[in-house]
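Encoded as C-alpha cells, the structure appears first; notes follow it.
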C-alpha cells in the first residue's frame with residue numbers, strides 16, 4: 001500500500017523509539033553510562049515533543065504515521081491530535097525536570113553501587129517511551145500493550161529502596177494494575193468480535209449503541225479506573241506513592257496515573273463520539289466527586305508529608321472525571337467545544353507539574369530532616385525557603401487560586417457546571433478547593449513556625465535541585481495565564497468538529 005504518513009509523521013516514531021533505544025543501550029553499557037544516556041536523550045526527546053506539537057498546530061490537523069506503510073486495520077497507526085501533542089510535551093518537560101533532580105539521588109557509579117542508578121534511569125526511559133506510545137496509539141490493542149509496558153516500568157520504581165513495606169506496596173499496585181488489564185482486554189475482545197477492528201478511527205465509524213458496545217466500554221472503563229486509582233479503587237496509590245523515592249513519586253503521581261485517564265477520554269470521546277449517555281457520565285462524575293471529598297479529608301488526617309501529598313493525588317484525580325458529566329452533550333454531539341473539555345485536560349496538565357514539584361519538595365525536606373513528619377517540620381521554612389516556596393506554589397494550583405493552572409481549570413469546570421445547570425458539581429469543586437487549602441496551609445503553617453532552637457540538617461540540599469522544583473511549580477502557575485475559553489489546540493483532531501469553528 002502507499003505510504004499514508006502525513007508530513008512529519010516520522011516524529012511520532014522517534015518519540016517512542018528514542019527512549020526505548022536509550023533504555024536498551026543503558027542495559028547494554030551498564031549503570032555507569034545510564035545517567036549520561038538519559039541526560040543526552042532528554043533535550044532530544046523534548047525537541048521531538050515540541051516539534052510534534054508545532055506540526056499539529058501549524059497543520060491544524062492530526063499527525064499520523066502508519067508503520068510499514070500498511071493502513072489499518074492491517075497496519076499499526078500512530079496518531080497525534082491536539083490532546084496528544086499537549087500530553088507529549090507535558091511528559092517531556094516533566095521527565096527532563098525529574099531527571100535533572102534525580103542526578104544527586106541516583107548518580108553514576110561503578111561496581112555494585114551502580115545497580116540502583118541503572119534500574120532508575122532505565123525505568124525512567126521506559127516509562128517515557130510507554131507514555132508516548134499511549135499518547136499517540138491509534139489502536140485499542142496496541143494501547144493495551146503500551147499501558148502494560150507502562151505498568152511494568154512503573155511498578156519497580158515503587159520498591160527501589162528494597163524495604164519490605166515498599167515491596168508490599170509495589171505488589172498491591174501490580175495486583176490492581178493486572179485486574180485493570182484483564183478487564184480492559186476483555187472489553188477489547190468484545191469490540192473486535194463485534195466490529196472486526198480495534199483501530200480508533202475505523203471503530204468510531206462502525207460502533208453503535210447496543211449491549212455489546214456498552215458491555216465492552218464498561219469493562220474497559222472499570223479496568224482503566226483501577227489503573228488511574230479513582231476512588232474507591234485508590235487503595236494501591238497512597239502506599240505506593242508515599243514509599244517510593246521522591247523522583248519516582250513525582251513520575252507516578254505526575255504522569256503515570258494520567259495515562260489511564262487519557263485512555264478513558266479516548267474511549268468515551270473518540271471511540272464512540274456522540275454515544276455516551278448522560279446517566280453513565282453522571283456515574284463517572286459521582287466517583288470523581290467522592291474522590292475529591294474523601295481524598296481531601298484523608299489528606300487532612302495524615303501525619304506524614306508524603307502520605308498527605310499522596311491522598312491529595314487521590315482527590316485531584318477526581319477533578320479529571322468531573323469533565324465527563326459536564327462535557328458530554330448528546331444533543332449536539334460535540335463535547336469538545338465546552339469549557340469542561342479544556343478544563344479537564346488543563347487540570348491534568350497543571351496537576352502533573354504541581355504534584356511533581358510537591359513530591360520532590362517533600363523529598364528534599366525528608367533528606368534534610370531525616371523524616372517527613374508534619375509535626376516536626378517547624379523551622380524548615382527558614383532552613384529551606386526555596387523548597388517550601390515551591391511547595392506553596394504547587395499547593396496554590398491544587399487549591400485553585402489565581403494565578404495558577406489549577407485556578408483556570410477549576411474555573412472552566414465551574415463555568416460548565418453553571419452553563420449546563422448542574423450546580424452540584426460546582427459545589428464539589430468549591431468544597432474541594434477549601435479542603436485543599438486546609439491541608440496545604442497545615443503544612444505551610446508547620447514549616448514556617450519557629451523551631452525554638454537552631455535546626456540541624458542531616459544533609460546539604462543543593463540550590464540546583466531546589467531550582468528544578470521551583471521551575472516545575474512555576475510551570476503550574478504559568479498555566480494560569482491560559483485564556484478562560486475552549487483551547488483551539490485541544491480541539492484539533494476531534495471527530496465531527498470543523499476546525500474552522502475555532503478560527
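What order do you get for 221, 188 when you list them from fewest to most C-beta neighbours inside 10 Å? Present the calculation step by step, with values, prior to reporting the outcome.
Working: 221 22, 188 19.
Ascending number of Cβ neighbours within 10 Å: 188, 221.
Can you figure out the FRET efficiency of residue 215 with residue 371, using R₀ = 41 Å and their beta-carbon distance, to the nearest 0.05?
On the way: r = 49 Å, r/R0 = 1.20.
Efficiency at R0 = 41 Å is approximately 0.25.
Please compute the length gained on full extension between residue 445 and residue 21, using 0.36 nm multiplied by the number of residues separating them and subtracting their Cα-Cα distance.
Additional length available on full extension: 148.0 nm.
Calculate, in nm to one decimal, what residue 54 and residue 471 gain on full extension: separation in residues at 0.36 nm each, minus their alpha carbon distance.
147.9 nm
Mind checking the angle between helix 82-102 and the chain's longest principal axis? C-alpha axes, 0 to 90 degrees, to the nearest 10.
Between the helix axis and the principal axis of the chain, the angle is about 20 degrees.
Most exposed first by the Cβ proxy, i.e. fewest other Cβ within 10 Å, how do 70, 121, 128 rank?
Values: 70 14, 121 27, 128 33.
Fewest-to-most Cβ neighbours within 10 Å comes out as 70, 121, 128.
Run the simple label-point estimate for residue 36 and residue 148 please: 7 Å along Cα→C-beta, distance reported in nm.
3.6
Once the piece of chain linking residue 297 and residue 192 is laid out straight, how much longer is it, given 0.36 nm per residue of separation minus the C-alpha distance between them? Mind dumping the intermediate values first?
Working: separation 105, 0.36 × 105 = 37.80 nm, distance 4.22 nm.
Fully extending the segment from residue 297 to residue 192 adds 33.6 nm.
Given a cut-off of under 8 Å on Cα pairs at least six residues apart, what relative contact order in percent is computed for the chain?
Working: 925 pairs, mean separation 73.1, N = 503.
That works out to 15 percent.
Just want the ordering: 258, 355, from fewest to most Cβ atoms lying within 10 Å of their own Cβ. Please list the in-between numbers first.
Numbers: 258 23, 355 30.
With the fewest neighbours first, 258, 355 line up as 258, 355.
With angles folded into 0 to 90 degrees, how steeply does helix 463-478 sit against the dominant principal axis of the chain? Use alpha carbons for both and round to 10.
40
Considering Cα pairs under 8 angstrom that are at least six residues apart, work out the relative contact order of the stretch 225-267 and quote it in whole percent.
Details: 22 pairs, mean separation 18.7, N = 43.
About 44 percent, as a whole number.
From the helices alone, meaning DSSP H stretches of at least four residues, give me the mean residue ellipticity at 222 nm for the chain, per-run term -39500 (n - 2.57), in deg cm²/dmol to the nearest 500. Write out the running numbers ahead of the final one.
Working: 21 runs with 344 residues, N = 503.
So the calculated ellipticity at 222 nm is -23000 deg cm²/dmol.
May I ask for the angle, rounded to the nearest 10°, between helix 405-419 and the longest principal axis of the chain, with both axes built from Cα atoms and the value confined to 0 to 90°?
The answer is roughly 40 degrees.
Once log10 I(q)/I(0) by the Debye sum over Cα atoms at q = 0.06, 0.11 Å⁻¹ is worked out from the coordinates, which option in (1) -0.34, -1.01; (2) -0.34, -0.90; (3) -0.25, -0.88 does it equal?
(3)
Values in this text are rule-based calculations from the coordinates and carry no lab data. Just so we're clear, the structure is a prediction, and the values are computed from it rather than from any experiment. Glycine gets a Cβ as well: all are built from the backbone with ideal geometry, and neighbour counts include every protein chain shown.
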